[in-house]
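Working notes for the structure below.
The values are calculated or read from the model by the stated rules, or taken from the named source; none is laboratory data. Source: prediction; values computed, not measured. Glycine also receives a Cβ, built like all others from the backbone with ideal geometry; neighbour counts cover every protein chain displayed. With ligands, DNA and RNA removed, areas are computed over all heavy atoms of the protein, side chains included. Shrake-Rupley method; radii C 1.70, N 1.55, O 1.52, S 1.80 Å.
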Amino acid sequence: MEHLELFFKSIFIDNMVFATFLGMCSYLAVSKKVSTAVGLGAAVIFVMAITVPVNWLLDTYVLKEGALVWLGEEYASYDLSFLSFILFIATIATMVQLVEIVVEKFSPSLYNSLGIFLPLIAVNCAILGGSLFMQSREIPTLGMALNYGVSSGIGWFLAILAIAAIREKIRYSNVPAPLRGLGITFILTGLMAIGFMSFGGMLTGDEGNKKPVKEEVQAEAEELLDESKEMVLNTNK
């Protein structure tokens, strides 16, 4: 159940683009065509699926305070957490280089269409954010770290795929001149973020909390009704 909850929460509720607005550079620049969005999204999923579990292993067995106890009791007091950024980025850069080599070998057209944005995955804040969120949320197991990496990548993939599909359609729409390009894209992103916020209660609903919330809303409604009545009476006077 924990794996399923983490999977859907990472995709819809804590979406990298719509909840934390990470990876916006690639999201805005490579979302003009669905084909390129799919290629970059798949690359992001692959990189996050590898880097988040690997960085979990580094954090658990190397970086945390006392993580080196497996080398001996004399290493139990060591704390290498100050190296987190360096090692996380090194892991990400290695995986991105591997992805770049594979894409160039098997899909030259996709490699050319992605251009500079493929190697820039190494500095994509969504990729590093996945590892840092994994660390800050203290994900307990390697399996859940893998789950979190894959689901966060899928969430970013869905975001860029959705905006790419919309941007392809609005080419044939009569968009006002001042909003053409990034203007309408930002507006669409904001609207999609609001839509994804509706998933917030999907995994947090609790039967025990329904009654107090209902009573609170009812009290606020009654208060607003009383205020409106007073305003009407004052106006009539």
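Using only the Cα atoms of segment 1-88, build the gyration tensor, take square roots of its eigenvalues as a ≥ b ≥ c, and label the shape rounded, prolate or oblate: rounded if a/c is under 1.5, else prolate if a/b is larger than b/c, else oblate. The shape class here is prolate.
Just check segment 42-192 against the gyration tensor rule for me: Cα atoms, a ≥ b ≥ c as the square roots of the eigenvalues, rounded for a/c under 1.5, and otherwise prolate or oblate depending on whether a/b exceeds b/c. Judged from the Cα gyration tensor, segment 42-192 comes out prolate (a/c at least 1.5, a/b above b/c).
Solvent exposure of TRP70, expressed as accessible area, is near 150 Å², computed with a probe of 1.4 Å over the protein chains only. In the complete set of protein chains, residue-level accessible area for GLU168 is approximately 60 Å², probe 1.4 angstrom. At a 1.4 Å probe, what is the % contribution of carbon and sulfur to the accessible area of segment 1-66? In segment 1-66, the share of accessible area belonging to carbon and sulfur is 69 percent. Altogether, the Stokes-Einstein calculation at 25 °C and 0.890 mPa s, with the Kirkwood radius of segment 104-188 over Cα pairs as Rh, returns a diffusion coefficient of 156 µm²/s. Using heavy atoms of the protein chains and a probe of 1.4 Å, the accessible area assigned to LYS105 is about 150 Å².
The stretch between LEU98 and ILE116 holds 5.0 nm of extra length on full extension. This uses 0.36 nm per residue minus the Cα-Cα distance. Taking the inverse of the average 1/r across all pairs of different Cα atoms in segment 37-80, what Kirkwood radius in Å do you get? About 11.9 Å, per the Kirkwood formula over Cα pairs. Projected label points at ARG180 and ALA90, each 7 Å from Cα along the beta carbon direction, are separated by 4.9 nanometres.
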